[in-house]
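Visitor: I am attaching a structure below and will ask some questions about it afterwards.
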Amino acid sequence: MVERASIEAYVDGPLLVRGDVDILDKNGHPVERTRATVALCRCGVSAIKPFCDGTHKAVHFKTDPDGPVS
Amino acid sequence: MYSPELVRPVRFIAPPFTDRGQVSRHLLHALATPVALADDELESFQAALASALASTTDIVRDDDLQLTLFVLYGLAYGSVVDCDERWEWNTALIAGRASIESHFEEHLRAVVPQPELPASTAEAVAAALFELTSHETGPSLARFLAKKATVEQLREFLVQRSIYTLKEADPHSWAIPRLTGRPKAALVEIQADEYGGGRPERMHAAIFARTMRGLGLDSRYAAYVDNVPAVTLASMNMMSMFGLNRRLRGAIVGHLAAFEMTSSIPNRHYGNGFRRLDFGPDVTLYFDEHVEADAVHEQIAGRDLAGALAEDQPTLLADIMFGASACLTVDGWASETILEAWTSHRSSLRVPLQGFSETGMR
């Protein structure tokens with residue numbers, strides 16, 4: 001049995017995706033995924049979207065500390 | 001019955017580098033001698049070592065001691081000096097290594113700023129590590145590479161990096177069996193990605209070797225040891241010391257977190273520097289890979305590795321923060337040394353590279 005995929009929110013950072021999911025671009029084409037765990041951009045300024053490139057730190061992106069997922 | 005010599009033939013192949021003083025000279029001579037016949041060389045090594053440790057003023061920039069420590073750790077890693085493998089656990093060499101480590105660690109603890117300690121919760125530790133690494137001054141070297149570096153300087157940069165990067169991830173992997181539970185799973189998740197997720201050609205060290213070859217460099221380990229200054233060896237030796245001493249597992253974990261947190265953005269600059277000089281994807285893949293990979297790793301390293309370790313074992317918190325600060329401090333010195341040389345139009349290397357004529361050849 002394949003383990004269910006998970007999406008996990010990291011404080012002031014990206015969403016980490018683990019497990020077997022298809023990531024599709026705006027035209028519905030699969031985005032190449034080369035690693036088991038990927039980080040999806042949550043701040044909107046990554047230069048390699050849909051993936052995170054760490055730039056959220058440079059723009060001081062903050063997530064909602066009282067939100068349901070960080 | 002097999003004799004040990006039949007099972008493991010005694011061998012010594014002269015390494016592709018030379019000694020830097022009495023201590024490393026006697027060590028290399030000992031390694032070239034059959035273990036059973038090396039007593040005189042070992043005595044000379046121990047005497048030279050005691051004298052060097054008593055007189056060194058800055059062990060981080062001490063060529064002889066850093067090369068000696070690098071060779072001693074190389075017995076555990078392999079690919080440094082090709083000699084009788086029994087030397088790895090020779091008691092005289094282990095004692096020598098421990099005495100250098102003792103001075104090296106004491107020096108680091110005296111000069112590395114100890115950050116204020118956060119609460120021992122995963123989120124507080126991750127936040128403190130991200131805060132600490134946000135003050136890092138390193139990107140000036142990254143910006144120089146992106147905007148100004150010549151092909152010779154790009155080549156020097158790869159040579160400087162090769163001491164660690166051709167063994168990328170290995171120093172931190174020593175910590176895997178020394179952790180349990182969440183931090184262990186987190187470290188394995190990061191390291192599995194470093195090692196290519198089961199695909200040897202995607203192993204980060206292998207991708208870096210292709211980058212080196214793309215600039216005409218020799219990608220065999222230790223080929224450029226003679227060229228790099230002591231501080232570059234010290235950066236690698238510090239990781240090996242943290243990784244190979246179980247009591248320093250907090251420090252190696254903090255080191256990895258700081259390393260990952262200061263990687264994505266500089267790697268984008270490095271890649272841009274190579275693109276600016278018309279190098280293609282075969283050369284820039286290493287840097288582009290790290291922009292994406294380390295944006296994942298820094299999250300896992302901050303909260304799930306360092307944070308969870310501090311939560312599970314609060315007594316390790318100070319060493320986690322020390323390891324992170326030591327990473328920033330020592331790698332900061334290494335980067336400053338390179339940048340100072342380049343901005344005053346000198347080579348950053350101890351021995352400049354030979355045999356490259358730069359007339360736009362790619």
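Visitor: Looking at A:VAL69, is it aliphatic (A, V, I, L, M), part of a loop (DSSP other than H, G, I, E, B) and either within 19 Å of B:GLU289 (Cβ to Cβ) or in contact (Cβ under 8 Å) with a residue 24 or more places away in the chain (or both)?
Guide: Here the answer is yes, as A:VAL69 does meet what is asked.
Visitor: Please go through the range B:126-141 and give me each residue that is crowded, with 21+ Cβ neighbours inside 10 Å and either farther than 15 Å from B:GLY307 by Cβ or not assigned by TED's automatic domain parsing to the domain that holds B:ASN267 (or both), ordered by number.
Guide: B:LEU141
Visitor: Please determine whether any residue of the range B:157-166 is within 14 Å of chain A (Cβ to nearest Cβ) and within 30 Å of A:GLU8 (Cβ to Cβ).
Guide: Start the filter on the range B:157-166 by keeping residues that are within 14 Å of chain A (Cβ to nearest Cβ), which leaves none.
No.
Visitor: Go through the range B:189-206 and give me each residue that's more than 11 Å from chain A (Cβ to nearest Cβ), assigned to a helix (DSSP H, G or I) and either closer than 13 Å to B:HIS297 by Cα or aliphatic (A, V, I, L, M) (or both).
Guide: Scanning the range B:189-206 gives B:GLN191, B:ALA205, B:ALA206.
Visitor: Checking the conditions here, which among A:ASP12, A:ASP53, A:ASP20 is more than 11 Å from chain B (Cβ to nearest Cβ) and either assigned to a loop (DSSP other than H, G, I, E, B) or of a type in the set (Ser, Thr, Tyr) (or both)?
Guide: Every option except A:ASP20 fails the conditions.
Visitor: Give me the helices (runs of 4 or more DSSP H) completely within the range B:239-313, filtered to those with at least 3 residues that are assigned by TED's automatic domain parsing to the domain that holds B:ALA175 and in contact with a strand residue (DSSP E or B) (Cβ under 6 Å, 6 or more places away or on another chain), ordered by residue number.
Guide: B:281-299
Visitor: Every residue in the range B:35-94 that is farther than 25 Å from B:ARG11 by Cβ, out of contact with any Leu (no Cβ under 9 Å at 6 or more places or on another chain) and either at pLDDT below 95 or in a helix (DSSP H, G or I) (or both), please.
Guide: Matches in the range B:35-94: B:ALA47, B:ALA50, B:SER51, B:ALA54, B:SER55, B:ARG61, B:ASP64.
Visitor: Oh, and also: In the list A:ARG42, A:ARG35, which residue meets the criterion of being charged (D, E, K, R) and facing chain B (nearest Cβ under 9 Å)? Explain how you work it out, then say what you get.
Guide: Working: A:ARG42 fails: facing chain B (nearest Cβ under 9 Å).
Unique residue meeting the criteria: A:ARG35.
Visitor: Can we say B:SER219 is within 25 Å of B:ARG276 (Cα to Cα), more than 13 Å from the chain's Cα centre (by Cα), among the hydroxyl-bearing types (Ser, Thr, Tyr) and away from chain A (no Cβ under 14 Å)? Working first, answer last.
Guide: Working: within 25 Å of B:ARG276 (Cα to Cα): yes; more than 13 Å from the chain's Cα centre (by Cα): yes; among the hydroxyl-bearing types (Ser, Thr, Tyr): yes; away from chain A (no Cβ under 14 Å): yes.
When the stated conditions are applied, B:SER219 passes them.
The values are calculated or read from the model by the stated rules, or taken from the named source; none is laboratory data. A quick note: this is a predicted structure, and the numbers were derived from the prediction, not measured. Cβ atoms come from the backbone with ideal geometry, glycine included; neighbour counts cover every protein chain shown.
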